Amino acid sequence: MFEDLTNKLEGIFKKIRGQGRLSEGNIKDALKEVRRALLEADVNYKVVKDFITQVETKAIGQEVLKSITPGQLVIKIVNDELTALLGRDKVDMKFSAQPPTVFMLVGLQGSGKTTACGKLARYYRKKGRFPLLVAADIYRPAAIDQLQILGKSLDIPVYTIKDDPIKISESAVEHARKEGKDLVIIDTAGRLHIDEPLMEELRKIKKAVSPQEIILVADAMTGQDAVNIAKTFEEKIGLDGIFLTKMDGDARGGAALSIRAVTGKPIKFVGVGEKLDALEMFYPDRIASRILGMGDVVSLVEKAQEAIDIEEAEKLEKKLRKEAFTLDDFYSQLQQLKKMGPLESVLEMIPGLGGASLKGLKIDDKAMVRVEAMINSMTKDERHKPHIIDGGRRRRIATGSGTSVQDVNQLLKQFFMMQKMIKNVTKMDMRKFEKGFLGFR
Amino acid sequence: MKFSLEKLKSGLFKTKENLLGKISQAVGLHKKIDQELLDELEEILIKSDVGPSTTAKIIEGLKKEATTRKIDDSEKITELLKDQVASILNSGGVCENQLASPHVIMVVGVNGTGKTTSIAKLAKDFKDQGKNVLIAACDTFRAAAGEQLSIWAERVGVELVGSMPNQDPASVAFDAIKAACARGFDVVIADTAGRLHTKVNLMEELKKVKRVMGKALPGAPHEILLVIDATTGQNGLSQVKMFKETVDVTGIFLTKLDGTAKGGIMIAITDEFNIPVKYIGLGEKPDDFQKFDPKWFAEALFS
């Protein structure tokens, strides 16, 4: 996420750092490159222009000259301005005092509305709500089927009737009220912002159900037109927030900056994968630091807190104190790690890993699957007493898990090393240990 | 398919209107070709998603051309700009129209660019030319992708090789090609699941689908079309690069040009990679598309 922009800005400021004090000339050079990087990141032309002017006014002048480390000050100014551009605070979704609350998702074709609906439903159910998904896309072939399949996989009800989108939405809200569902999420059809009849349809749905939140689902890969799209949706139906999708690719996500700057509407969620749990909140300040290559430690910690079961951790800690770390524990650690989402997105949040060093390093989620398969192919005895696994057993485990003896050897070698390491650190503070164990150093 | 400049123009109307309107506005404000006018042109090009590098190249070209031909009348700038853009678009190469038998086309792209709709358009076009078309539903991942494709197949009246959710897409492709050979189909079009070009495993899967197609019929797939959304910004370059490296894309299908996005990324793409744009999509109906012709396109864009 934002990898390339981060790299570029890092490169530029390295130059400035080496030069001691800033001159008007070299900050102009740096800003020229910042401008280019932002344009390549698809930040809107006008937004870039304003941004550069602001940074320039703030950077050139006495403040900078007095500073001991001019590079740091420039980074701070760019960071502050980026944060301001993204909106300083995180904005939550509004809920109605009288349920059901209605969310309505709108956007162009192919921006990822249906998947976003599924993600929101899953997210809010986890928070204790009772969602109802509403299939109001009657145009695209199989759009209703798609939502129904998502609903089924989440075990969340999907409301479909044969009618026009306005009636569907209206009666869905009625249905939710009767069935005790407190959150209605309406999946509308993708449409061009200049398609007047379809925009009129959205206005009518809005009038019929008065949603608490109208969310524009926008593709992170969108170019300069992102601004027109967002502006038109805002003018014609009014928006409450943005759901930015496909941020797991290498899109530099400049659209996020532009949309926010031009419409003033907050980005509330970020989609980071095709799976329904691939959802992140949008924290403007953190993203700004991420752009500048300072990592996103807070997000990572929160993710870990959500996923890692405290009880499990305590159990493990006890075991460790008794120096009885087995392959079973290793396995449950893997499961915890998996809950945090795709490894790549976890690693991206780590300072120093987000940028250059992660490039080229491809995380193979399948390697974890192989390890799991090997452990699953072991007997109970073998898991508790790994040292009994001899040649014959290794062959059996390899065959059973569809791996090779070499793979099994490697796993065991790693495990024994880890056991040894754990013996040495048992006295260490548990939190420190977790950090080391997960390989995050 | 007959080429209709009228249709292209009306489809590109918003695109054209903005671009041309802004250019003539800029030209109107300046009598001579000066730095200020060039700066304004730069802004127009960047706002059309042409990207900073290609824009710089075009502007440099304009300057050089204007100096060597001693042109300083700003009215002539549109003509110069048209030449520059057409010459970049031409560098993508031309489409070949020889069909193998059966002619196997594999359609790839990131999520949500419009692969399935584009396939329906292609299928209808081949059918209108009197070809027997078979569609293969190799998107076995996204919920209801198979249903979506089968509805389209029914609408345009072509046959479909269906699939089960999570079935190996390569096996679907294999079956479809074998069936096409046995039953004498002329064209096979394979839909694949949308995937971000940065997902190594999914890109490997695509390689496998291609390899297995070659096993079912030596030489297949004969064409690999990358579908790109015209709304895409500079990330389009990254998409082309990765898909080209993975499966050696032979052409680009640019979709959603009926919106307000200018599709300038296409100019950047042909500038950087030697891949021709073969088709453009101009709407949701099966007829809303055109074969791409660089000359016509530049013409429609600037006149």
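Please list, ordered by chain and number, the residues whose modelled amide H lies under 5 Å from the amide H of B:I189; skip anything fewer than 5 residues away on the same chain.
Under 5 Å from the amide H of B:I189: B:I105, B:L134, B:I135, B:A136.
Check B:I224: other-chain or 5+ apart residues with amide H under 5 Å from its amide H, H built from backbone geometry?
Those lying under 5 Å, H to H, from B:I224 are B:M106, B:T250, B:G251.
Students often get this wrong, so check it: of A:K162/A:K236; A:K49/B:K207; A:K246/B:K208; A:K366/B:K262; A:K32/A:K265; A:K113/A:K162, which have C-alpha atoms separated by over 31 Å?
In this structure, A:K49/B:K207; A:K366/B:K262 lie more than 31 Å apart at Cα.
Can you tell me the FRET efficiency between A:D164 and A:K275 if r is taken as the Cβ-Cβ distance and R0 is 45 Å, rounded to the nearest 0.05?
Once the sixth-power term is evaluated, E becomes 0.90.
Just to verify a number: what accessible area does B:D271 come out at with the full protein assembly present, 1.4 Å probe, Å² rounded to tens?
40
Name the residues of segment B:213-239 whose accessible area falls by at least 20 Å² when all protein chains are present instead of the chain alone, probe 1.4 Å?
B:T231, B:G233, B:Q234, B:N235
What distance in nm separates the two pseudo spin-label positions at B:Q98 and A:Q54, each 7 Å out from Cα along the beta-carbon direction?
Taking the two extended label points, one gets 5.8 nm.
Taking a probe of 1.4 Å and counting only protein heavy atoms, give the total accessible area buried between chains A and B in Å², rounded to the nearest 100.
3400
Please compute the average number of Cβ atoms from other chains found within 10 Å of each residue's Cβ in peptide B:114-122.
Mean partner-chain Cβ count within 10 Å for B:114-122: 1.
Within chain B, what's the longest stretch lacking trypsin sites (Lys or Arg not before Pro) that sit in DSSP loops with no more than 11 other Cβ atoms inside 10 Å?
B:71-303
Would you kindly find the accessible area of B:F141, with a 1.4 Å probe and non-protein molecules such as ligands, DNA and RNA excluded, rounding to the nearest 10 Å²?
Near enough 110 Å² of accessible area.
Run through segment B:175-268 and list the GluC sites (Glu not before Pro) located in a DSSP loop whose Cβ has at most 11 other Cβ atoms within 10 Å.
In loop regions of segment B:175-268 (DSSP not H, G, I, E or B), there are no sparsely surrounded GluC sites (Glu not before Pro).
Gain in length, A:I138 to A:V91, computed as 0.36 nm per residue apart minus the alpha-carbon separation, to one decimal in nm?
Going from the current span to full extension adds 13.8 nm.
Once R0 is set to 45 Å, what does the formula 1/(1 + (r/R0)^6) return for the Cβ-Cβ distance between B:S87 and B:S171, expressed as a FRET efficiency to the nearest 0.05?
Once rounded, the FRET efficiency stands at 0.50.
List every residue whose amide H lies under 5 Å from the amide H of A:V217, counting only residues 5 or more places away in sequence or on a different chain, with H placed 1.01 Å from N in the peptide plane.
A:V106, A:G107, A:F243
Averaged per residue, what accessible area in Å² does chain B show with a 1.4 Å probe, protein chains only?
Ligands and nucleic acids excluded, the figure is 41 Å² per residue.
With the contact rule set at Cα under 8 Å and sequence spacing of 6 or more, what percent relative contact order holds for segment A:101-294?
25
Which GluC sites (Glu not before Pro) in segment B:34-131 pass both tests, a DSSP loop state and at most 12 other beta-carbon atoms within 10 Å?
In loop regions of segment B:34-131 (DSSP not H, G, I, E or B), the sparsely surrounded GluC sites (Glu not before Pro) are B:E96.
Which pairs, out of B:K115/B:K285; B:K64/B:K256; A:K178/A:K206, put more than 24 Å between their alpha-carbon atoms?
From B:K115/B:K285; B:K64/B:K256; A:K178/A:K206, over 24 Å: B:K64/B:K256.
Can you list which of the trypsin sites (Lys or Arg not before Pro) found in segment A:109-179 are DSSP loop residues with at most 12 other C-beta atoms within 10 Å?
Passing sites in segment A:109-179 are A:K127, A:K162.
Would any residue of segment A:394-413 have its amide N under 13 Å from a label point 7 Å out along Cα→Cβ of A:L334? List them or say none.
Residues A:398, A:401-404, A:407-413 qualify, since their backbone N sits under 13 Å from the label point.
From the backbone phi of segment B:79-87, what are the Karplus-calculated ³J(HN,Hα) couplings (6.51 cos²θ - 1.76 cosθ + 1.60, θ = phi - 60°) in whole Hz, Gly and Pro given as x?
With coefficients 6.51, -1.76 and 1.60, one gets 4, 4, 4, 4, 4, 4, 5, 4, 5 Hz.
Starting at the first residue of segment B:220-227, write each ³J(HN,Hα) from the Karplus equation 6.51 cos²θ - 1.76 cosθ + 1.60 with θ = phi - 60°, in whole Hz, x for Gly and Pro.
For segment B:220-227, the Karplus-derived couplings read 7, x, 7, 9, 10, 9, 9, 8 Hz, x marking Gly and Pro.
Calculate the FRET efficiency for A:R36 and A:R177 from the Cβ-Cβ distance with a Förster distance of 60 Å, rounded to the nearest 0.05.
About 0.65, to the nearest 0.05.
Assigning unit charges at the beta carbon (Lys, Arg +1; Asp, Glu -1) and nothing else, what dipole magnitude in debye, to the nearest 20, does segment B:103-292 show about its Cα centre?
260
Which ³J(HN,Hα) values in Hz, rounded to whole numbers, follow from the phi angles of segment A:393-402 under the Karplus curve 6.51 cos²θ - 1.76 cosθ + 1.60, where θ = phi - 60° and Gly and Pro get x?
Once θ is set to phi - 60°, the couplings for segment A:393-402 become 5, 4, 4, 4, 4, 4, 5, x, 9, x Hz.
The values are calculated or read from the model by the stated rules, or taken from the named source; none is laboratory data. As the structure is a computational prediction, the values presented were derived from the model and not from experiment. When we count neighbours, we look across all protein chains shown, and the Cβ atoms used for this are built from the backbone with ideal geometry, even at glycine. Heads up: the accessible areas ignore ligands, DNA and RNA and are worked out on the full protein's heavy atoms, side chains in. Shrake-Rupley method; radii C 1.70, N 1.55, O 1.52, S 1.80 Å.
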